[in-house]
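Peer 1: Sharing a structure, written as structure tokens. Questions coming.
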2 protein chains.
Amino acid sequence: MIDFQTHPDRYRHWQISYSDRVAYLTMSVDLNAGLSEGYELKLNSYDLGVDIELYDAVQRLRFERPEIGAVVIQSSLDRVFCAGANIKMLGQSSHAHKVNFCKFTNETRNAIEDASENSSQRYISAINGTAAGGGYELALSTDHIILVDDGNASVSLPEVPLLAVLPGTGGLTRLVDKRKVRRDLADVFCTIEEGIKGQRALEWRLVDELVPTSQFQQAVSERANEFAQMSDRPAEAPGITLTSLQREISADEVDYSTLRVVLDRTKRLAELTIIGPDAESPKSIEEMISLGDQFWPLRLGRELDDALLHLRLNETEIGTLVVKSEGTSERIQAFEKLLLENSDHWLVREIILYWKRTLKRLDVTSKTTFTLVEPGSCFSGFLAELIFAADRAYMLEGEFEDRPGEYATLRLSDFNFGPLPMANGITRLQTRFLGEPEAVDRAEDLIGQDLSAGEALAAGLITYAPDDIDWDDEIRLLLEERSSFSADSLTGLEANLRFAGPETMETKIFGRLSAWQNWIFQRPNAVSEEGALQLYGSGIRPKYNPERV
Amino acid sequence: MIDFQTHPDRYRHWQISYSDRVAYLTMSVDLNAGLSEGYELKLNSYDLGVDIELYDAVQRLRFERPEIGAVVIQSSLDRVFCAGANIKMLGQSSHAHKVNFCKFTNETRNAIEDASENSSQRYISAINGTAAGGGYELALSTDHIILVDDGNASVSLPEVPLLAVLPGTGGLTRLVDKRKVRRDLADVFCTIEEGIKGQRALEWRLVDELVPTSQFQQAVSERANEFAQMSDRPAEAPGITLTSLQREISADEVDYSTLRVVLDRTKRLAELTIIGPDAESPKSIEEMISLGDQFWPLRLGRELDDALLHLRLNETEIGTLVVKSEGTSERIQAFEKLLLENSDHWLVREIILYWKRTLKRLDVTSKTTFTLVEPGSCFSGFLAELIFAADRAYMLEGEFEDRPGEYATLRLSDFNFGPLPMANGITRLQTRFLGEPEAVDRAEDLIGQDLSAGEALAAGLITYAPDDIDWDDEIRLLLEERSSFSADSLTGLEANLRFAGPETMETKIFGRLSAWQNWIFQRPNAVSEEGALQLYGSGIRPKYNPERV
């Protein structure tokens, strides 16, 4: 089992140090500490384990270190920044692992950009040597790239000439869309194995700053301090500690404190039940801070995040997520009110941004999501996003025979109208109602009301509202039908239907680049016994099928 | 060899009739006239041959029938509109053929939308029965869909439940982005084999109009006449005839009247040399009309279009296109001047829109394009777009030793600043200079000048400007290197680098949907001996690998 939980005390690959308002995240990959056997993580090359630590560090910097306004990513090696994803690891990995690995590394790069853009914690890359493939892609996700001008240090994306695959972590999109490198220069750059260094790297917009060796450290810390000075994060506030998750994993179940995940392997589905808060919302921001990471929305966000990663990587044969909740909208709404009223507080901002990222993770998870709204559920506001993120939502009309007097309700809040945008830059409701934008306004008028199934259906917020007589059969048939379809075509279908409307760098990376990459990861030129990924390092040149499709 | 040239006299699958300003394009597929052996084109199912005729008809309607303001697509069959791409044909086709087939059908659907949007020739679908898969996708590309309400007629996208693939002709994107169908309803729709009919099809925005059987023909012709009335196309102008292309095909060469294509199979490249006009531009629009399809820019457009299709489908192992030209910019510019000064004339508009489509076809061709600007070439204005459409462009600095006094030049015109946008909605120069938009303005100031290699390089219009000493070696090494790379990774690289900037429905279809589809067309769930495409119709249910990636 791949565990996404870690702690700086256990890091094998990264060191963190602090200097005033700047954090230094130093990549120092332990070559013998790969997640699997069979490869050595030479030259700061990485596998999923290295990236799990990076993800952990990025999260902690936001919650535990409010004073940090800039983060420098650097290397502990001499003349090597990072060699990218480990090729031997890729060569021996299954298709599913490769794809999921790339998806997670992409999400972590996006989280870095989210920190720079929305959390006033700007990232800088200090490239002291070769930054190849995923190494340069990591740098591309930072706000500012400083390259040492020592005649050796270079940036490169050698995937096409060396490996017959594509840069897997948004490199191509970030080249032409983020850094706006001219397309013909990008074409040249992506076919030069050894990469580009010095003045040309600067002129081609591949890096932001070029500094002689003697001034390198000085320039990096100056720039970092400058960025940190501009941060709106509080210099004096204490952070909160992200403690270990409360989690019990058994054969077919994962029990968290706010979330229960039950697998049905025969039906290939996971039921995710959100368990509403067991106590009232704190009344003030101070009370909230004193709860630290036990504040319910944060606790649930972390647990849901972990559950999604677990299901993706460790349970690839689970095809459908059935999302439910237990609790009361009243109680949820009190938490929401506290968050919304203090949205400019640094910690509240972090919690909301974390929810944004977790919901986005759900959006790009290659599993069908069905949300069921039943009596006793608490889909209010930010939890209602789980209805709009779903491929379909079903809500009980009327009562269950055995639970008379209880009705399913759905409640909207301001959370559904702005703070939690999708990767396409607009809200889930805006995306849902592209064809009738006035429906978004009408929904806004319903904020705070307990909507019945009939009302929710009329407002277009759910897909179907079966009654007690039909409910069980309809859900059962739905789940049976879904698991009878081809997993691949469902993945493609969902990826295409979920992201209508505007496109952003992020949707391009997930929707376009990762699709091309999935395709290439299937092609014999890359992955057969005689493909480039297998033969890399053997001295034997792969023989390619020249057919162009 | 697949021939893209045809003529209504030879059509096997379509009939065209005219009534006042409306054309009726009737699908009547000859089941025994498939392009290959091994399948029958039942129920108006189609293969590439059917679509080649459709493409031909769409082109001719624009050039030969200026009076036509609306086109109705209908079926000759009883209670069947179109069953989509023939499954047996897909099952027996190579991966490359499937992908190229889908790309061409997509381009033809886009050409239909281009006619509606830019040529004032609006398309209507008259769905008299079942419109399944590609059948409904054809309808989705039209401006207005009328469905008969007879309790039988339906629209459907049954690819996922029946075939384990995705709708291959933009169906998913057009559902949620063009018709803005709600994503959960789209999910339901795409999993119902038998599709959706009647009122629900209308409510879900799947069709625009629902008409009882008795009023169907009447409603269709009323709507068509209404659309035709709104057209700005001239009711009285005579059209021009698209005559057979002058083309000689030999083993390694295709000779057109304005274009020479020479293959080097060892190096896997095709050299495309544009041969400049052999006569001066006509002086007036009347003179131009009298030349009909022999007017040089139109002749070249048609020949280049045919050459690209030929190279894609018949020469899949050719990986690189080397584009050259012979002629003088002066002469080209005179043609451009005539076009630009008469851009509101219906025929000029058609010629420019045709060039737009042909250049877009080059943009999405899965082959590397290198443009070489040498002494004696004529890359002016619309031909200069072949420089900006290329993955790289090389221009000779100085003279060739054996041709003293001749210099390579490049000339910009208004054609480079608006009339020929890419699929992303902006010009190639705007896409090129996303990172320095002021470079577009600076380029505009250079309109009409003969730019030297040095000037073109300084303006960022070309990639490299080697001199006589380096030229041959540099080009030779470039071509050798390119053909040493994996064809698949080059396809992915180019698809990602070519389309920076905004996204449109078209870029989504080519960049995202077709990538997902390529991937799925490789997956055993769809294409193995036990995959859905192979087993379709056998009564045996495919057994799927449930792994989600």
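Peer 1: Evaluate region A:74-88: report whether one residue or more is closer than 25 Å to A:Val220 by Cβ and of a type in the set (Val, Ile, Thr).
Peer 2: Scanning region A:74-88 turns up at least one residue that is closer than 25 Å to A:Val220 by Cβ and of a type in the set (Val, Ile, Thr).
Peer 1: Kindly provide the set of residues from region A:25-54 that are β-branched (Val, Ile, Thr) and either under 16 Å from A:Ile2 (Cβ atoms) or surrounded by 23 or more Cβ atoms within 10 Å (Cβ to Cβ) (or both), ordered by number. Steps first, please.
Peer 2: Taking region A:25-54 as the starting set, the residues that turn out to be β-branched (Val, Ile, Thr) are A:26, A:29, A:50, A:52.
Listed by number, the residues that qualify are A:Val29, A:Val50, A:Ile52.
Peer 1: Hey, among the residues in region B:324-350 that are among the charged types (D, E, K, R) and touching a residue at least 60 places away in the same chain (Cβ under 8 Å), which one's nearest to B:Thr273 (Cα to Cα)?
Peer 2: In the first step, residues of region B:324-350 are kept if they are among the charged types (D, E, K, R); the result is B:324, B:326, B:330-331, B:336-337, B:341, B:344, B:349-350.
Remaining after also requiring touching a residue at least 60 places away in the same chain (Cβ under 8 Å): B:336, B:349-350.
Working: B:Glu336: 19, B:Arg349: 26, B:Glu350: 24 Å.
In this case the residue turns out to be B:Glu336.
Peer 1: I'm trying to understand the selection: among the residues of region B:182-193, which are crowded, with 24+ Cβ neighbours inside 10 Å and part of a loop (DSSP other than H, G, I, E, B)?
Peer 2: Within region B:182-193, B:Arg182, B:Cys190 qualify.
Peer 1: In region A:532-549, what residues are closer than 17 Å to A:Pro161 by Cβ, within 12 Å of chain B (Cβ to nearest Cβ) and within 32 Å of the chain's Cα centre (by Cα)?
Peer 2: Scanning region A:532-549 gives A:Ala532, A:Leu533, A:Leu535.
Peer 1: Sticking with this structure for a sec: With A:Gly448, A:Gly501 as the choices, which residue is outside the structural domain of A:Leu372 (by TED's automatic domain parsing) and at positive phi? Break it down into steps so the answer makes sense when it comes.
Peer 2: Numbers: A:Gly448 fails: outside the structural domain of A:Leu372 (by TED's automatic domain parsing).
The conditions single out A:Gly501.
Peer 1: Ok, one more. Please give the number of the condition B:Tyr464 fails out of (1) over 30 Å from B:Ser94 (Cβ atoms); (2) within 27 Å of the chain's Cα centre (by Cα); (3) within 10 Å of chain A (Cβ to nearest Cβ).
Peer 2: Unmet condition: (2).
Peer 1: Kindly establish whether A:Ala57 is aliphatic (A, V, I, L, M) and either farther than 20 Å from A:Cys102 by Cβ or surrounded by fewer than 19 Cβ atoms within 10 Å (Cβ to Cβ) (or both).
Peer 2: Details: aliphatic (A, V, I, L, M): yes; either farther than 20 Å from A:Cys102 by Cβ or surrounded by fewer than 19 Cβ atoms within 10 Å (Cβ to Cβ) (or both): no.
Taking the combined requirement at face value, the residue does not satisfy it.
Peer 1: Just the residues that are surrounded by 21 or more Cβ atoms within 10 Å (Cβ to Cβ) and either outside the structural domain of A:Lys324 (by TED's automatic domain parsing) or over 15 Å from A:Lys324 (Cβ atoms) (or both), please, taken from region A:282-302. If you could, list the steps in order and put the result at the bottom.
Peer 2: Here is the first cut: in region A:282-302, the ones surrounded by 21 or more Cβ atoms within 10 Å (Cβ to Cβ) are A:288, A:295-302.
Residues satisfying the conditions are A:Met288, A:Phe295, A:Trp296, A:Pro297, A:Leu298, A:Arg299, A:Gly301, A:Arg302.
Residue-wise test of (1) touching a Lys or Arg at 6+ places or on another chain (Cβ under 7 Å); (2) among the charged types (D, E, K, R); (3) without any contact (Cβ under 8 Å) to a residue 24 or more places away in the chain; (4) under 21 Å from B:Glu107 (Cα atoms).
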| position | (1), (2), (3), (4) |
| --- | --- |
| B:Gly376 | no, no, no, no |
| B:Glu385 | yes, yes, no, yes |
| B:Glu406 | no, yes, no, no |
| B:Asn424 | no, no, no, yes |
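Peer 1: A follow-up question, please. When you look at B:Ser120, is it without any contact (Cβ under 8 Å) to a residue 40 or more places away in the chain and surrounded by fewer than 24 Cβ atoms within 10 Å (Cβ to Cβ), yes or no? Before the answer, list the steps.
Peer 2: Numbers: without any contact (Cβ under 8 Å) to a residue 40 or more places away in the chain: no; surrounded by fewer than 24 Cβ atoms within 10 Å (Cβ to Cβ): yes.
No, not satisfied.
Peer 1: So A:Trp471 passes all but one of these: (1) among the hydrophobic types (A, V, I, L, M, F, W, C); (2) more than 8 Å from chain B (Cβ to nearest Cβ); (3) closer than 30 Å to B:Leu434 by Cα. Which condition number does it fail?
Peer 2: Only one criterion is unmet by A:Trp471, namely (3).
Peer 1: If A:Gln449 passes every condition in (1) assigned to a helix (DSSP H, G or I); (2) more than 9 Å from every other protein chain (Cβ to nearest Cβ); (3) among the polar types (S, T, N, Q) but one, which one does it miss?
Peer 2: (1)
Peer 1: Let me ask something additional. Just to be sure before I move on: is B:Leu478 part of a loop (DSSP other than H, G, I, E, B) and either in contact (Cβ under 8 Å) with a residue 40 or more places away in the chain or over 25 Å from B:Glu317 (Cβ atoms) (or both) in the structure I sent? Give the steps one after another, and end with the answer.
Peer 2: Details: part of a loop (DSSP other than H, G, I, E, B): no; either in contact (Cβ under 8 Å) with a residue 40 or more places away in the chain or over 25 Å from B:Glu317 (Cβ atoms) (or both): yes.
Judged against the criteria, B:Leu478 is not a match.
Peer 1: If you go through region B:153-168, how many residues are surrounded by fewer than 24 Cβ atoms within 10 Å (Cβ to Cβ) and facing chain A (nearest Cβ under 7 Å)?
Peer 2: Matching residues across region B:153-168 total 1.
Peer 1: Hey, among the residues in region B:170-181 that are crowded, with 21+ Cβ neighbours inside 10 Å and not in a helix (DSSP H, G or I), which one's modelled with the lowest pLDDT?
Peer 2: Filtering region B:170-181 for residues that are crowded, with 21+ Cβ neighbours inside 10 Å and not in a helix (DSSP H, G or I), the one modelled with the lowest pLDDT comes out as B:Gly170.
Peer 1: So, of the residues in region A:169-192 that are of a type in the set (D, E, K, R) and facing chain B (nearest Cβ under 10 Å), which turns out to be nearest to A:Leu513 (Cα to Cα)?
Peer 2: A:Asp177
Peer 1: Being more than 7 Å from chain B (Cβ to nearest Cβ), closer than 21 Å to A:Asn86 by Cβ and either assigned to a helix (DSSP H, G or I) or at pLDDT 85 or above (or both) is true for just one of A:Glu529, A:Glu506. Which residue is that?
Peer 2: Working: A:Glu506 fails: closer than 21 Å to A:Asn86 by Cβ.
After applying the criteria, what remains is A:Glu529.
Peer 1: Kindly provide the set of residues from region A:477-500 that are more than 7 Å from chain B (Cβ to nearest Cβ) and closer than 19 Å to A:Thr431 by Cβ, ordered by number.
Peer 2: Hits for region A:477-500 are A:Glu494, A:Phe499.
Peer 1: From the list B:Val72, B:Val50, which residue is assigned by TED's automatic domain parsing to the domain that holds B:Leu25 and assigned to a helix (DSSP H, G or I)? Talk me through it step by step, then tell me what you get.
Peer 2: Values: B:Val72 fails: assigned to a helix (DSSP H, G or I).
Selected residue: B:Val50, the only one of B:Val72, B:Val50 that is assigned by TED's automatic domain parsing to the domain that holds B:Leu25 and assigned to a helix (DSSP H, G or I).
Peer 1: Can you pull out the residues in region A:68-103 that are surrounded by fewer than 20 Cβ atoms within 10 Å (Cβ to Cβ), closer than 27 Å to A:Ala224 by Cα and within 21 Å of the chain's Cα centre (by Cα)?
Peer 2: Result: no residue meets the conditions.
Peer 1: Oh, and also: Among the numbered criteria (1) buried (at least 24 other Cβ atoms within 10 Å of the Cβ); (2) in contact with a Gly (Cβ under 6 Å, 6 or more places away or on another chain); (3) part of a loop (DSSP other than H, G, I, E, B), which one does A:Gln517 miss?
Peer 2: Result: A:Gln517 passes all but (3).
Peer 1: So which residues in region B:378-400 are assigned to a loop (DSSP other than H, G, I, E, B) and under 16 Å from B:Glu336 (Cβ atoms), if there are any at all?
Peer 2: Going residue by residue through region B:378-400, those that are assigned to a loop (DSSP other than H, G, I, E, B) are B:378, B:381-384, B:389-391, B:396, B:398-400.
Of everything in region B:378-400, those that are assigned to a loop (DSSP other than H, G, I, E, B) and under 16 Å from B:Glu336 (Cβ atoms) turn out to be B:Cys378, B:Gly381, B:Phe382, B:Leu383, B:Ala384.
Yes or no, residue by residue, for (1) crowded, with 22+ Cβ neighbours inside 10 Å; (2) in the same structural domain as A:Thr368 (by TED's automatic domain parsing); (3) of a type outside the set (Val, Ile, Thr):
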residue	(1), (2), (3)
A:Leu304	yes, yes, yes
A:Ala307	yes, yes, yes
A:Thr328	no, yes, no
A:Ile332	yes, yes, no
A:Ser343	no, yes, yes
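Peer 1: Here's something else I'd like to know. Test of understanding: among A:Leu451, A:Leu497, which residue is more than 30 Å from B:Pro546 (Cα to Cα), crowded, with 21+ Cβ neighbours inside 10 Å and modelled with pLDDT of 90 or more?
Peer 2: A:Leu451 is the lone residue from the list that is more than 30 Å from B:Pro546 (Cα to Cα), crowded, with 21+ Cβ neighbours inside 10 Å and modelled with pLDDT of 90 or more.
Peer 1: Turning to a different aspect of this structure: Got a number for residues in region A:220-244 being crowded, with 17+ Cβ neighbours inside 10 Å and of a type outside the set (S, T, N, Q)?
Peer 2: So in region A:220-244, the residues crowded, with 17+ Cβ neighbours inside 10 Å come out as A:220-221, A:223-224, A:227-228, A:231, A:233, A:239-240, A:242.
Keeping just the survivors that are of a type outside the set (S, T, N, Q) gives A:220, A:223-224, A:227-228, A:233, A:239-240, A:242.
Adding up the residues that qualify gives 9.
Peer 1: Right, another one. Return only the number of the condition from (1) within 30 Å of A:Arg183 (Cα to Cα); (2) in contact (Cβ under 8 Å) with a residue 60 or more places away in the chain; (3) more than 27 Å from the chain's Cα centre (by Cα); (4) crowded, with 17+ Cβ neighbours inside 10 Å that A:Pro212 does not satisfy.
Peer 2: Only one criterion in (1) within 30 Å of A:Arg183 (Cα to Cα); (2) in contact (Cβ under 8 Å) with a residue 60 or more places away in the chain; (3) more than 27 Å from the chain's Cα centre (by Cα); (4) crowded, with 17+ Cβ neighbours inside 10 Å is unmet by A:Pro212, namely (4).
Peer 1: Okay, next question. Which condition breaks for B:Ala439 when tested against (1) assigned to a helix (DSSP H, G or I); (2) touching a residue at least 40 places away in the same chain (Cβ under 8 Å)?
Peer 2: B:Ala439 satisfies all of (1) assigned to a helix (DSSP H, G or I); (2) touching a residue at least 40 places away in the same chain (Cβ under 8 Å) except (2).
The values are calculated or read from the model by the stated rules, or taken from the named source; none is laboratory data. If you're wondering where the values come from, they're calculated on a predicted model, not measured in any experiment. Because the Cβ atoms are built from the backbone with ideal geometry, glycine has one as well, and the counts that use them run over all protein chains shown.
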